[in-house]
Amino acid sequence: MGFRSFAASLPAALTGLSGTRPVLRSQAEPTPAEAASFDALVQRLAYLPKADIKRIREAYKFADEAHLGQFRASGEPYITHPIAVAGICAEWRLDAQAIMAALMHDAMEDCGVTKTELIERFEAPTAELVDGLTKLDKLQFSTREESQAESFRKMLLAMARDVRVILIKLADRLHNMRTMQAMAPDKRRRIARETLDIYAPIAHRLGLNQIYRELQELSFSFINPWRHAALLKAVGKARGNRRDLVARIERDVVKAFHEAGIKVEIQGREKTLFSIYKKMREKHLSFAQVSDIFGFRIIVDELPGCYLSLGVLHQLYKPQPGRFKDYIAIPKPNGYQSLHTTLVSPLGTPVEFQIRTETQHLVAEKGVAAHWMYKSRADGQSTQQLGAHWLQSLIDIQDETRDANEFLEHVKIDLFPDAVYVFTPKSKIMALPKGATPVDFAYAIHSDVGDHCVAAQINGEPVPLRTELRSGDVIEIVTAAGARPNPAWLSFVRTGRARSKIRHFLKNLEQEESRDLGEKMLAQALRAEGLALPSLDDEDQDAAQLWQQLARWAGNRQVDELLIEVGLGRKIASIVAKKLARMLAEQGQRPDAVMLSMGRFVAAEDAPTQGTVLLDGSEGASVRLAPCCRPIPGDEIRGYLGRGEGLMVHTAECAVGRRLYQRDAEHWIAVSWAEEPSRSFEAGVAVLLQNGKGVLAQVAQAVSAAEADITHISMSDESQQRETAEMSLLLSVRDRLHLADVLRTLKRSPAVLRAWRIKPQA
């Protein structure tokens, strides 16, 4: 049993960052130390067969020649960087292909080496790794952010196929962060911010806690150098002030385990500067109020020893209620396993203890990399699967997302370190980000479950779909065959998978509905020209060729794109119809007199002759009812084709609609209601009431008696202090006749002084 001092257990960032950065010097010949650096790397590769080391030496020579004449900002020959990256990968005992890729990771990007050349020299697996690490700088992007997002997408998808890609990239970023002192301050801050936002969370997600902590510390030192220096000084002072307390706790713990006959290793653990700073900011604490700066780690040989050690510690000092966590029974999503308990020290200060086996400790520090380091161990297979669920989710998100910035947004959402652990009805444990909802849970099970989700039960009780889940909840999802995702879900879902699936479904649905609307509008506009719409069936070769010519004329690649743009209002149906009419005339078709007279008869006097679009309420996202006037069946209506916004329907008397018509008349089309609408519609109603007890119940009863529903209700605070109160209701009604019936029923209620439909102000 031994105790490792705090100074020995701290990350490099806490013991002084300057020791990890190179000294600046002129671009001269490499020093003997640099020349021997590859030999030092070879010594660290003793775990590999000699044949592999020979191939690695060839990769080194290739990289050395490719980077000849290139120097880093610090003045060192560039080859020192790939060697250092390979050295970090060697610490994880990665295989020969990964070490070779680490040595050549910048060859394609900086030296003009092609992927084909790498395949010929070093075979396809190594070339694929190097290609996955290469940024897309050769492509043209409109902004640097777009280029960066696309490069991240390429790297993350390569990582999903082979996790060694991200291990090499993290090693590359770690060495760059360690040696970034020679760069300009603004560039240092930009790279440090990117590291803190993307690379450190990825390291955490894959269980690479050692790298995660160091990347955070280095980023903090570059983004907030003064705060970092002040905290470093404060921690050093606190370390000195608490040396006696730490020594006393150490003696007590050593004695307690000796008396219990349990063999353990005790290590000191110190909170990182960044985590102290983060806690001070989030909880508005001063440094003196951060109590858990120091802690202990207990490492045992076997799993039962973890729980025996917990008992020894709880007999020694009193535990703090609610501060015990069992991550062994329920591991974190990245595979982390440990017992956490906070005890009250002899001086009354809280001290955290972490208890784990040696194998769990190795996995906790090295994460995914532990698979290569300790594959001979019993749980090597489980370490290989760390983070596999998240890696698969990257591919799922990519399938639903074509925009690189949107993809990166979804990935950032999934890089949450905190998690809640919930159960399926069959007692399977699932880990979700903190703040996740039943909808996130549904999509985590399967996209079909999420798409058809209509309700949820938590611990047997019905709950709203936006309810935040808590650890230990048992979730049951209720589905319906005809259900589909609701756009409102995007306001509360937390996982990138759920967000990308919902957006993908809605985008496809909107395009499908817009296509149908565009086809309907084009058919009616062509009818006004006295012609019938040509067949859209691909088997009709003549019609297909005609449609393709029309699409090319309109600047679209496909006919469906043209119809979608007509449905979204990006192209005017009447203009496209006139062109199509001319093309049909060239083929010998003539306008039909009956159809021509019908088309002109239905056209409104004050709207372009595009025919009339019939609305029955089933049009979906491509047709919206204006919230300013809330049209319902029976109202006289007009349709505005906003550019790319689909069809917006206003009442004929709507002041907003009138102003739009005066400004942009050509985008208005004639619309009318179908004889039998397929759903109910919302109408705004104002009610003047005699204030008193039970008036709301009387209003609700009157609305219900008229077979309508209240979807929203509001009342000003001032109304509660007066004899009369004005209430605004949103009612779900079938048409104008139904609304009139509701208003009559309301007026008969004793509490109602007056009731009227809310109309837009002129």
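The values are calculated or read from the model by the stated rules, or taken from the named source; none is laboratory data. Everything quoted here is computed from the prediction, not taken from an experiment. Because the Cβ atoms are built from the backbone with ideal geometry, glycine has one as well, and the counts that use them run over all protein chains shown.
When the residues of segment 474-497 are filtered to those that are in contact (Cβ under 8 Å) with a residue 40 or more places away in the chain and of a type in the set (A, V, I, L, M), the one that is surrounded by the fewest Cβ atoms within 10 Å (Cβ to Cβ) is Val474.
Residues in segment 266-285 that are more than 33 Å from the chain's Cα centre (by Cα) and farther than 18 Å from Arg248 by Cβ: 0 in all. When Glu529 is tested against the conditions (1) in a helix (DSSP H, G or I); (2) touching a residue at least 60 places away in the same chain (Cβ under 8 Å); (3) not basic (Lys, Arg), the lone failure is (1). Quick check, is Ala158 crowded, with 18+ Cβ neighbours inside 10 Å, under 22 Å from Ile56 (Cβ atoms), at pLDDT 85 or above and among the small types (Gly, Ala, Ser)? Taking the combined requirement at face value, the residue does not satisfy it. Which of the residues belonging to segment 273-311 are among the acidic types (Asp, Glu) and in a helix (DSSP H, G or I)? Within segment 273-311, Glu282 is the sole residue that qualifies.
Could you tell me which numbered condition Ile413 fails, if it satisfies all but one of (1) among the β-branched types (Val, Ile, Thr); (2) at pLDDT 80 or above; (3) touching a helix residue (DSSP H, G or I) at 6+ places or on another chain (Cβ under 9 Å)? Answer for Ile413: the failing condition is (2).
It is to be established whether one or more residues within segment 245-268 are under 26 Å from Ile166 (Cα atoms), at pLDDT 85 or above and touching a Lys or Arg at 6+ places or on another chain (Cβ under 8 Å). No - not one qualifying residue is present in segment 245-268.
Regarding Lys366, is this residue of a type in the set (Lys, Arg) and either modelled with pLDDT under 85 or buried (at least 18 other Cβ atoms within 10 Å of the Cβ) (or both)? So Lys366 passes the test.
You will find that of Ser447, Ser471, Ser500, the residue that is surrounded by 14 or more Cβ atoms within 10 Å (Cβ to Cβ) and at pLDDT below 80 is Ser471 and no other. All of Thr341, Thr349, Thr359 fail the test of being at pLDDT 85 or above and not assigned by TED's automatic domain parsing to the domain that holds Glu91, apart from Thr341.
Out of Ala35, Ala51, one residue alone is out of contact with any Leu (no Cβ under 7 Å at 6 or more places or on another chain), at pLDDT 85 or above and either closer than 17 Å to Ala171 by Cα or surrounded by fewer than 20 Cβ atoms within 10 Å (Cβ to Cβ) (or both). It is Ala51. Taken together, the criteria exclude Ser514 from residues that are surrounded by fewer than 18 Cβ atoms within 10 Å (Cβ to Cβ) and hydroxyl-bearing (Ser, Thr, Tyr). Only one of the listed residues (Ser680, Ser714) is exposed (fewer than 15 other Cβ atoms within 10 Å of the Cβ), under 20 Å from Leu743 (Cα atoms), of a type in the set (Ser, Thr, Tyr) and modelled with pLDDT of 80 or more. That residue is Ser714.
Say we look at segment 523-575 and pick out the residues that are of a type in the set (D, E, K, R) and at pLDDT below 75; which of these is surrounded by the fewest Cβ atoms within 10 Å (Cβ to Cβ)? Break it down stepwise before answering.
Step one: of segment 523-575, the residues of a type in the set (D, E, K, R) are 527, 529, 537-540, 542, 552, 557, 560-561, 565, 570-571.
Remaining after also requiring at pLDDT below 75: 537-540, 570-571.
On the way: Asp537: 9, Asp538: 10, Glu539: 7, Asp540: 13, Arg570: 18, Lys571: 20.
The qualifying residue surrounded by the fewest Cβ atoms within 10 Å (Cβ to Cβ) is Glu539.
Just a yes or no: is a residue in segment 640-654 part of a helix (DSSP H, G or I), under 30 Å from Gly518 (Cβ atoms), modelled with pLDDT under 90 and among the basic types (Lys, Arg)? No; the residues of segment 640-654 include none that is part of a helix (DSSP H, G or I), under 30 Å from Gly518 (Cβ atoms), modelled with pLDDT under 90 and among the basic types (Lys, Arg). Take Glu65 and decide whether it is out of contact with any Leu (no Cβ under 9 Å at 6 or more places or on another chain), acidic (Asp, Glu) and modelled with pLDDT of 85 or more. Answer is no for this residue.
The listed residues are Ala686, Ala740, and the only one of them that is assigned to a helix (DSSP H, G or I) and modelled with pLDDT of 85 or more turns out to be Ala740. Within segment 192-205, being surrounded by fewer than 18 Cβ atoms within 10 Å (Cβ to Cβ) and at pLDDT 85 or above holds for one residue alone: Arg193.
Yes or no: Ala8 farther than 30 Å from Gly295 by Cα and either at pLDDT 85 or above or in the same structural domain as Pro125 (by TED's automatic domain parsing) (or both)?
Values: farther than 30 Å from Gly295 by Cα: no; either at pLDDT 85 or above or in the same structural domain as Pro125 (by TED's automatic domain parsing) (or both): yes.
So Ala8 fails the test.
State whether one or more residues within segment 286-308 are among the charged types (D, E, K, R) and over 24 Å from Glu365 (Cα atoms). Among the residues of segment 286-308, not one is among the charged types (D, E, K, R) and over 24 Å from Glu365 (Cα atoms), which makes the answer no.
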